[in-house]
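The values are calculated or read from the model by the stated rules, or taken from the named source; none is laboratory data. If you're wondering where the values come from, they're calculated on a predicted model, not measured in any experiment. Neighbour counts are summed over all protein chains in view; Cβ atoms, including those assigned to glycine, are modelled from backbone coordinates with ideal geometry. We work out accessible area using only protein heavy atoms, side chains counted, and drop any ligands, DNA or RNA first. Shrake-Rupley method; radii C 1.70, N 1.55, O 1.52, S 1.80 Å.
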Amino acid sequence: MKKLSFYLMIMLLSLGAFPTTMFAAEKNIATATSDPKEIPAEVRTMLNRLDEIKAMDKSTLASSEKKELRKEVREIKSQLRSSGNGLYLSVGAIIIIILLLILLL
């Protein structure tokens, strides 16, 4: 009896996962890229600078110059993160919010 319930549970879980893979293949990529957001000029210049730094040949640079480039990259990345208007939640915060909603409702 235990094996039968175990096999039934495995079968139900596998059937539940099957339709999600079918739907994933049906998404139209053209609709996702048809509405791009315009990137501000300041952000575009920072991204261009990051691309320039990535394309540089760093083997010819001195260690102090490499250090300055690393500082510059960190500064640009922090500015890009701070300029984003998104709301970032950690996994722990999401779990706490869900638990609070379950307890309150």
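Summary table
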{"quantity": "Tabulated pairs, the stretch 67-84, first free of Cβ contacts under 8 Å to residues at least 60 places away in the same chain, second of a type in the set (Ser, Thr, Tyr) and surrounded by 11 or more Cβ atoms within 10 Å (Cβ to Cβ), C-beta under 7 angstrom, 6+ apart or interchain", "calculated": "none"}
{"quantity": "Enumeration of residues in the stretch 60-105 that are at pLDDT below 90 and of a type in the set (Ser, Thr, Tyr)", "calculated": "Ser78, Ser82, Ser83, Tyr88, Ser90"}
{"quantity": "Residue tally, condition open to solvent by 80 Å² or more (accessible area, probe 1.4 Å) and either touching a residue at least 12 places away in the same chain (Cβ under 8 Å) or hydrophobic (A, V, I, L, M, F, W, C) (or both), over the stretch 51-66", "calculated": "1"}
{"quantity": "Total residues in the stretch 32-59, condition in contact with an Asp or Glu (Cβ under 9 Å, 6 or more places away or on another chain) and modelled with pLDDT under 90", "calculated": "1"}
